[in-house]
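Asks: Can you keep this structure in mind? I'll have questions shortly.
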Protein chains: 2
Amino acid sequence: MISERTIGRLSLYRRLLRDLLADGEKSIFSHQLAAMAGGTAAQVRRDIMAIGYSGSPVHGYDLEQLLKSIGHYLDAAQTQNVALVGVGNLGRALLAYFVGRHPTLSVVAAFDSDPVKANRVIHGCRCYPLEDVKAIVRERDIRLGIVAVPAPEAQAVANALCQAGVKGLLNFAPLRLWVPEHVYVENLDVTMSLEKVAFFARQGEFERDTTE
Amino acid sequence: MISERTIGRLSLYRRLLRDLLADGEKSIFSHQLAAMAGGTAAQVRRDIMAIGYSGSPVHGYDLEQLLKSIGHYLDAAQTQNVALVGVGNLGRALLAYFVGRHPTLSVVAAFDSDPVKANRVIHGCRCYPLEDVKAIVRERDIRLGIVAVPAPEAQAVANALCQAGVKGLLNFAPLRLWVPEHVYVENLDVTMSLEKVAFFARQGEFERDTTE
DNA sequence: TAATCTCTGTGATAACATTCACAGCGTTAA
DNA sequence: TTAACGCTGTGAATGTTATCACAGAGATTA
């Protein structure tokens, strides 16, 4: 089984490689990709090895083929549908960011408990009242959910999504969701990240080349 | 030196503990906190050990004291100022989320290249033109920056912030920023996270208790 | 042709993170 | 008073992730 970290890096590589291809590049060496991705050449080679693609010692990795290999590994056979719950500031930003912009993931429905938001189209995505989650998730064959509601509502929302048959959640609420065994949850906690930055920024100020 | 993962978990513990305290709880055992944080009891104990706090085998950890210890470890002596660059959909969501809501981190200035946004107050935070980064970061003693601009502009923004003396960056752009040695960067890549969810959600559908 | 160069693929190793497992110790119960 | 309990703190073991370092191979040069 492939590691969670590797999957994350492959996703990053892919976007970097797409930019290169758009710039007219044909191929790339592991150390170049490593520099762009902020890793080491060995790690890039291992990651690429993991998906079964092989480069050439002379020309490095062929951009087009490598992109195809990554896509073949990461993506589902057809587009996966996504539901977003919580059309507040964050939810709207996510809609603006995702709707119609991803080649294989499609946010096809948004939900909010506020009836004012229901039945409107926001950033190109239709909004529904929260009660309709189960019906619409099933109807539209939605497998993934984004939880962008305040912390107190997050668990209830997760329950609803899981009951409706979602297989993975992206959670922005600052707590850990309890979900059925087979549902994958990725937590994206902005406050935690900012606090980490605050902490290590402070560390860096003192630890001037303390060669430990 | 304490691990990056541990710092992240401490940040999460803190918010969970604050909720408990608000509910009138007095103390907690490692296995209870572990359940809430989605970890193991041993890990909670190790994390707490790392910051030098000790609980009692009988009553567990005292909420108030533990919170004080975590705060003492994670927080700076006084409030740290933060600058946000990029007042698009995401930037505005972050302002709404942070401004005036964090006890020790304060977003005191926002910047955008769009002159229409400059000199307005958004969600309680004054916006400035991008050119003013250096002056205002110095003037307001800002140590942390949030990069919420589109990918093509991210590196230039990071350069400006670093030159102005920022010590840590929270980066939302889907690429790795090049920064001076001593600047800490935390990347929060929403697309990567959603792609991870998509991938592992798919995995979970098949890997039905394959013992190994 | 032979020597050299630079890169990949990967076994071996090192660094890091988590979990196990148990001694030690107040507390409670008999 | 003594035994049993349930928790913490932590050394040791395990598991996971990243790096090292080098054999192998096409290309280039002499």
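A short reminder: the numbers here are calculations on the coordinates, not readings from a lab. Fair warning: this is a prediction, and the values are worked out from it, not measured in the lab. Note: ideal-geometry Cβ built from the backbone for every residue, glycine included; neighbour counts use all protein chains shown.
Asks: Around residue A:122, which amide H atoms from residues at least 5 apart in sequence, or from another chain, sit under 5 Å from its own amide H, with H modelled in the peptide plane?
Replies: When sequence neighbours closer than 5 places are left aside, the close amide H contacts are A:127.
Asks: Which log10 I(q)/I(0) values does segment A:128-192 give at q = 0.12 Å⁻¹ under the Debye formula, counting every alpha carbon as one identical point scatterer?
Replies: -0.26
Asks: In nm to one decimal, list the spacings between the residue B:114 label point and its equivalents in the other copies, with label points set 7 Å along Cα to Cβ, shortest first.
Replies: 2.0
Asks: Report the local net charge at residue B:153: Lys and Arg +1, Asp and Glu -1, summed over other residues whose C-beta lies under 12 Å from its C-beta.
Replies: Surrounding charge for residue B:153 is -2.
Asks: Now, a different point. Can you give me the convex hull volume of the Cα atoms of segment B:70-139, divided per residue and expressed in Å³?
Replies: Value for segment B:70-139: 87 Å³ per residue.
Asks: Additional query: Taking the C-alpha atoms of chain A, how large are the radius of gyration and the largest Cα-Cα span, Dmax, in Å?
Replies: 20.2, 61
Asks: Residue by residue through A:78-86, how many Cβ atoms from other chains fall within 10 Å of the Cβ on average?
Replies: That works out to 1 on average.
Asks: How far is residue B:178 from the same spot in each other copy, in nm, shortest first, if each label point sits 7 Å from Cα toward Cβ?
Replies: 5.0
Asks: Please report the relative contact order for segment A:92-162, taking Cα pairs under 8 Å with a sequence separation of at least 6, and give it as a percent rounded to a whole number.
Replies: 23
Asks: Here's a follow-up. State, to one decimal in nm and shortest first, how far the label point of residue B:205 sits from each corresponding label point in the other identical copies (label point: 7 angstrom along Cα-to-Cβ).
Replies: Here residue B:205 shows inter-copy label distances of 5.0 nm.
Asks: So what's Rg/Rh here for segment A:95-212, counting alpha carbon atoms and using the Kirkwood radius for Rh?
Replies: Radius of gyration over Kirkwood radius for segment A:95-212 works out to 1.12.
Asks: Taking Cα atoms, how many degrees apart are the long axis of helix B:41-50 and the longest axis of chain B, rounded to 10 and kept between 0 and 90?
Replies: Approximately 60 degrees, to the nearest ten.
Asks: Please compute the length gained on full extension between residue A:141 and residue A:153, using 0.36 nm multiplied by the number of residues separating them and subtracting their Cα-Cα distance.
Replies: Length gained between residue A:141 and residue A:153: 2.0 nm.
Asks: Would you mind calculating the relative contact order of chain A from Cα pairs under 8 angstrom and at least 6 residues apart, reporting the percent as a whole number?
Replies: Relative CO of chain A lands at 13 percent.
Asks: Then there is this: For chains B and A related by rotation, which residue of B has the Cβ nearest the axis, and what is the rounded distance in Å?
Replies: Axis relating chain B to chain A; nearest Cβ residue and distance: B:93, 2.
Asks: Using a Gaussian network model of chain B whose springs link C-alpha atoms within less than 10 Å, name the residue from B:200, B:29, B:111 with the highest mean-square fluctuation.
Replies: The residue with the greatest mean-square fluctuation here is B:200.
Asks: Also: Helix A:89-98 sits at what angle to the longest principal axis of chain A, using alpha carbons and giving 0 to 90 degrees rounded to 10?
Replies: 50
Asks: Tilt of helix B:151-163 relative to the longest C-alpha principal axis of chain B, in degrees (0 to 90, nearest 10)?
Replies: Rounded to the nearest ten degrees, it is 90.
Asks: Inside 10 Å of the C-beta atoms of B:170-176, what's the mean count of C-beta atoms belonging to other chains?
Replies: 5
Asks: Right, another one. Over segment B:70-130, what is the relative contact order in percent, taking alpha-carbon pairs closer than 8 angstrom and at least six residues apart?
Replies: Over segment B:70-130, the number comes to 32 percent.
Asks: Quick one: what Rg and Dmax do you get for the protein assembly as shown from the alpha carbons, in Å?
Replies: For the protein assembly as shown, the Cα radius of gyration and maximum Cα-Cα distance read 22.1, 66 Å.
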